[in-house]
Amino acid sequence: MEEIVRILNSGGQSLTGVLHLPDGGSNGVGIIILSPGLKDRSGPHRLYIKIARKICLEGYSVLRFDPHGVGDSDGEFQKGLSVYSFVKIEKGEFVDDTNVVTEWFQKRTLAKKIILAGLCGGAITAMLVACNNTKIHGIISMDTTVILDAVDQVESANPLETAILARSYLKKAINIKKLARFVSFKTNYIELFATLFNYFKRSVVSAFFRTNNNVKSKHVADGRPLNMLYVNSFLSYVDSGRKVLFLVSDHDKSAWEFKHKFQDVYCQSQNVKGCCTILTVDTANHEFASLKAQGILLDAISSWLTKQSQDL
Amino acid sequence: MEKSIYFANSSGERIYGTFFSPTGMEKAKKGVLLCQPIAEEKIRVKRVFINFARFLCKKGYGVFLFDYFGEGESAGNFEDASLDTRTLDTVCALNYCYGYGQFNFFGIVGLRLGGSIALIASEEAKSLDFVVLWQPVINGYEYFQEWLKTSLAAQLVVYKEIKFNRKQLEEQLQCGNVIELEGYSITDLLFQNLRKLNLIEHKVCKSRKYLLVELTSQGSDLLYIKYLEALKSNNCLIDYLKEKKTFDWNNMRFYQPLPDSLFNSTFTWLESIYNGRNS
């Protein structure tokens, strides 16, 4: 059964959500799926609805809701580059809403265990909430970003994007039609030269670091700062022994940063390893758009939840 | 006041919608049904629709916003829906609105494919006063070709090369295979519907008022000029507005949930039609 719900946040704003209740009664585990950012509670390509409907059939109560300023809820984010809003989310814009909703959800469903799930910004919010909220028993983190966005770095290319773009430009160099475009001033020269410059710079720099076995500052990911609020929340969270499932898209630009600047640095101790399940999803982009990736994702969530509910 | 509800479409499937009623006016006299785009375009512009509904509501209009079968909160999977099912859902939503309110001035506003759906559905509705088309999709095949480009971009990210070009993707559909675009499963059913879609060939009601709004950051699209000429030569009561494109349905790099100018110009046109009719 799906039920439309409205919950007031601490500022008196009405938040809209949909509660999925299993027909045969709940197994005692409830999942709250958190908005990825500016997209609403259905998630990109209705991913959240697919997840919610599947796990609800397996006996879990599920709530998807729009935080303030998103979807059907009250409030508004200001117009401008979306990255401004992302920065706010990375710093905890939706933490208060999520705490209020968690309280409401527990009372409404009588869930014995509550798990927060989210993609991208939703994964960040989940961690920021869970570190201080002992009602949360687990986290399903899909493509969390560990780097703090910054407006002046919006246009700076990620290593993976740079490599793909640079290779495509190099291929075009042997295509007569594309060359004609280049000499007839139809090419975006700024983007072209910036990409190639970044690509060669990175190639040289990474070769240098490989040969010198050097390591850059662990708090800086390729020149972009780690979100230390997220990192500290994670360390505090795993310190309590609670579990987290990290689902990482193999073709997401944030995967590189997650692996090299977060996983390799902060997830190596036995205690932390015991709390984390890290699964890389094949053929997946940031939003798990491929049908194959969606299948893997849904199965992974389902089997991890089964393990968590067995501990009840 | 905002009230979300579920109602059944013609196949008995559950459709999600929200009524926006002006404060103190449970039964508004003026009403609008909003038709959203489909797939990821719908998700990207959701907030524009919510804000437009709230904007009109403050001006005394009752507004109904709904999700087609296979989209948003409605039942079903995207791959089971087509242009035909969406049109039927829109007709159902219209009938639901008639039952809910006591409107004496009522019409539809639709964006992109939602505009095209609004126009097609309006053929079935006799008592509509107006249809507003915000950047409607005139040619379904061209629209689909643009959409296919997202598959090429996705292939480059995942495979570092284009494994299937647009022609091959079309062939896959025609062979009964499902292809993926931006995370949505696309079937031949939707493809064939879009392929047939050509608004220029669609009938319009000559006693109804139409507004075509072109949202552009450059010059006019020749297809809109052609469409406008076709409607005018058919004695259609159509007005045309060119508005600056301040929000994007293709990506969310820039966020603009409140395109004031579009809201105001549409409202001004609605009021002029309403006042003209009542004078």
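Coordinate-derived values only; no laboratory data. Since the structure is predicted, the reported quantities are computational estimates derived from the model, not experimental observations. Glycine also receives a Cβ, built like all others from the backbone with ideal geometry; neighbour counts cover every protein chain displayed.
What's the whole-number percent of alpha carbon pairs in the range B:1-125 lying beyond 24 angstrom? Write out the running numbers ahead of the final one.
On the way: 1427 of 7750 pairs.
Of the Cα pairs, 18 percent sit more than 24 Å apart.
Could you pull the Cα extents of the protein assembly as shown along its three principal axes, largest to smallest, in whole Å?
80, 67, 44
Quick one: dipole size for the protein assembly as shown, taken about the Cα centre, charges +1 on Lys/Arg Cβ and -1 on Asp/Glu Cβ, in debye to the nearest 20.
940
Considering all alpha-carbon pairs of the range A:40-150, what whole percent are spaced by more than 25 angstrom? Write down the numbers at each step before the final one.
Details: 1121 of 6105 pairs.
So the pairs more than 25 Å apart make up 18 percent of the total in the range A:40-150.
Taking the Cα centre as origin and putting +1 on Lys and Arg beta-carbons and -1 on Asp and Glu beta-carbons, what dipole magnitude results for the range B:140-196, to the nearest 20 debye?
On the way: 7 positive and 8 negative charges, 22 e Å.
So the magnitude is around 100 debye.
At a Förster distance of 56 Å, what's the computed FRET efficiency of residue B:14 paired with residue B:160, Cβ-Cβ distance as r, to 0.05? Walk me through the numbers before you get to the answer.
Values: r = 42 Å, r/R0 = 0.75.
After rounding to 0.05, the efficiency reads 0.85.
Measure off 7 Å from each Cα along the Cα-to-Cβ vector at residue A:170 and residue B:279, then give the distance between these two points in nanometres to one decimal.
6.8
Apply the Debye scattering formula to the range B:149-272, with a single equal point scatterer on each alpha-carbon and no solvent, then give log10 I(q)/I(0) at q = 0.12, 0.17, 0.19, 0.23 Å⁻¹.
-0.72, -1.09, -1.13, -1.22
Taking the Cα centre of chain B as origin, sum charge times position over the Cβ atoms of Lys and Arg (+1) and Asp and Glu (-1), and report the length of that vector in debye to the nearest 20. Intermediate results must be reported in sequence, preceding the final value.
On the way: 33 positive and 32 negative charges, 186 e Å.
Here the size comes out at about 900 debye.
For residue A:87 and residue A:265, FRET efficiency with R0 = 22 Å and r from the beta-carbon atoms, rounded to 0.05? Write out the running numbers ahead of the final one.
Numbers: r = 23 Å, r/R0 = 1.02.
The computed FRET efficiency comes out at 0.45.
What is the list of residues in the range B:101-130 whose amide nitrogen lies under 16 Å from a point 7 angstrom out from the Cα of residue B:245, following Cα to Cβ?
Residues B:111-115 fall inside that zone.
On a full-extension model of 0.36 nm per residue, what is the gain between residue B:229 and residue B:167, subtracting their alpha-carbon distance, rounded to one decimal in nm? Don't jump to the answer; show the numbers that get you there.
On the way: separation 62, 0.36 × 62 = 22.32 nm, distance 3.19 nm.
Extending this stretch completely gives an extra 19.1 nm.
Residue B:264 versus residue B:201, label points 7 Å from Cα toward the beta carbon: distance in nm?
Result: 4.1 nm between the two label points.
May I ask for log10 I(q)/I(0) of chain B at q = 0.11 Å⁻¹, from a Debye sum over the Cα atoms as equal point scatterers with solvent left out?
Calculated log10 I(q)/I(0) at the listed q: -0.62.
Normalising by the residue count of chain B, find the relative contact order in percent from Cα pairs under 8 Å and 6+ residues apart.
Details: 490 pairs, mean separation 48.2, N = 279.
It rounds to 17 percent for chain B.
With θ set to phi - 60° and the Karplus curve 6.51 cos²θ - 1.76 cosθ + 1.60, what are the ³J(HN,Hα) couplings of the range B:11-17 in order, to the nearest whole Hz, using x for Gly and Pro?
After applying 6.51 cos²θ - 1.76 cosθ + 1.60, I find 9, x, 7, 7, 10, 9, x Hz.
Starting from the Cα of residue A:242, move 7 Å in the Cα-to-Cβ direction to define the label point; list residues of the range A:27-55 whose amide nitrogen is under 17 Å from there.
A:29-35
Between the alpha-carbon centers of the range B:120-173 and the range B:222-266, tell me the distance in whole angstrom.
Cα centroid of the range B:120-173 versus Cα centroid of the range B:222-266: 18 Å apart.
If you bin the C-alpha pair distances of the range B:58-126 every 5 Å from 0, what whole percents do you get?
4, 15, 27, 26, 17, 8, 3, 1
Nearest 5 percent is fine: what portion of the DSSP beta bridges confined to the range B:125-263 is antiparallel? List each step's numbers first, then the result.
Values: 4 of 17 bridges.
The antiparallel proportion sits near 25 percent.
In nm, give the distance between the simple-model label positions of residue B:237 and residue B:84, each being 7 Å from the Cα along the Cα-to-Cβ direction.
Inter-label distance under the simple model: 3.3 nm.
Putting +1 on Lys and Arg Cβ atoms and -1 on Asp and Glu Cβ atoms, find which of A:33, B:20, A:119 reaches farthest to the positive end of the dipole of the protein assembly as shown.
Final value for the positive-end residue is A:119.
Which far-off residues, 5 or more places away or on another chain, put their amide H under 5 Å from the one on residue A:34, with H placed in the peptide plane?
Under 5 Å from the amide H of residue A:34 lie the amide H atoms of A:117, A:118, A:119, each far enough along the sequence or on another chain.
Amide H neighbours of residue A:283 under 5 Å, at least 5 residues apart or on other chains, H built in the peptide plane: list them.
Amide H neighbours of residue A:283, under 5 Å, 5+ apart: A:250.
Mind checking B:250-262 for the average number of partner chain beta-carbons within 10 Å of each residue's beta-carbon? Don't jump to the answer; show the numbers that get you there.
Details: counts 0, 1, 6, 4, 5, 12, 4, 7, 3, 1, 1, 0, 0.
Counting Cβ atoms of other protein chains within 10 Å of each residue's Cβ and averaging gives 3.
Taking the dipole about the Cα centre of the range B:125-279, with the C-beta of Lys and Arg at +1 and of Asp and Glu at -1, give me whichever of B:228, B:172, B:133 is farthest to the positive side.
B:228
Among DSSP bridges having both ends in chain B, what percentage is antiparallel? Round to the nearest 5.
Values: 15 of 44 bridges.
So the antiparallel bridges amount to about 35 percent of the total.
Any idea how far the Cα center of the range A:1-67 sits from the one of the range A:106-120, in Å?
First find each Cα centre; the distance between them is then 9 Å.
From the cross-link list A:39/B:242; A:54/A:292; A:107/B:46; A:39/B:167; A:39/A:259, which pairs have alpha carbons spaced over 23 Å apart? Walk me through the numbers on the way to the answer.
Numbers: A:39/B:242 28 Å; A:54/A:292 16 Å; A:107/B:46 30 Å; A:39/B:167 32 Å; A:39/A:259 26 Å.
Where the Cα-Cα span goes over 23 Å, the pairs concerned are A:39/B:242; A:107/B:46; A:39/B:167; A:39/A:259.
Could you check what % of the DSSP bridge pairs in the protein assembly as shown are antiparallel, to the nearest 5? The partial results should precede the final answer.
Values: 31 of 87 bridges.
Around 35 percent of the beta bridges assigned by DSSP in the protein assembly as shown are antiparallel ones.
Say the dipole of chain B comes from +1 at the beta carbon of Lys and Arg and -1 at that of Asp and Glu; which of B:153, B:205, B:237 then lies farthest toward its positive end?
Highest projection toward the positive end goes to B:237.
Apply 1/(1 + (r/R0)^6) to the Cβ-Cβ distance of residue A:280 and residue B:272, taking R0 = 56 Å, and write down the FRET efficiency to the nearest 0.05.
On the way: r = 58 Å, r/R0 = 1.04.
Using R0 = 56 Å, I get an efficiency of 0.45.
Quick one: which residues, 5 or more positions from residue B:254 or on another chain, have an amide H under 5 Å from its amide H? H modelled 1.01 Å from N in the peptide plane, none for Pro or chain starts.
A:82
Could you estimate the translational diffusion coefficient of the range B:140-196 from the Stokes-Einstein equation, with Rh from the Kirkwood formula over C-alpha pairs, at 10 °C and 1.306 mPa s, in whole µm²/s? Walk me through the numbers on the way to the answer.
Working: Rh = 11.3 Å.
Estimated diffusion coefficient is 140 µm²/s.
DSSP loop trypsin sites (Lys or Arg not before Pro) in the range B:230-273 with at most 10 other Cβ atoms within 10 Å of their Cβ, which ones?
B:253
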